[in-house]
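Beneath this line is the structure, given in structure tokens, with notes to follow.
The values are calculated or read from the model by the stated rules, or taken from the named source; none is laboratory data. The structure displayed is predicted, hence computed values, not measured ones. Cβ coordinates were reconstructed from backbone atoms using ideal geometry, including for glycine residues, and neighbour counts include every protein chain displayed.
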Amino acid sequence: MLHPTILSMIVKERQNSLLEEAKKSRMPKTSGSTSPRLQERLCMRAGDFLIHTGQRLQRRYRPEMYPRPKACRSKC
């Protein structure tokens with residue numbers, strides 16, 4: 001059985017080594033700017049526009065997946 005002081009020292013050393021390892025594995029910080037650049041914003045807007053336009057065209061020209069049932073004119 002280890003003395004409590006020695007055990008405490010071992011635990012602290014292990015904790016320090018784990019913290020150092022975690023610091024090394026972290027991704028480096030970016031340039032500090034969290035907002036997208038102008039070119040990225042323009043590309044995102046153009047993409048949103050194209051997606052919206054494509055979905056609108058699909059709604060107009062694609063047949064319905066499940067057509068509505070026709071009303072029964074005679075007794076069914």
Original post:
Does the range 23-50 hold any residues that are among the hydrophobic types (A, V, I, L, M, F, W, C) and modelled with pLDDT of 90 or more, and which are they?
Top reply: Leu38, Leu42, Cys43, Met44, Ala46, Phe49, Leu50
Subject >> Search result, residues across the range 32-51 that are surrounded by fewer than 10 Cβ atoms within 10 Å (Cβ to Cβ) and part of a helix (DSSP H, G or I) >> reply: Leu38, Gln39
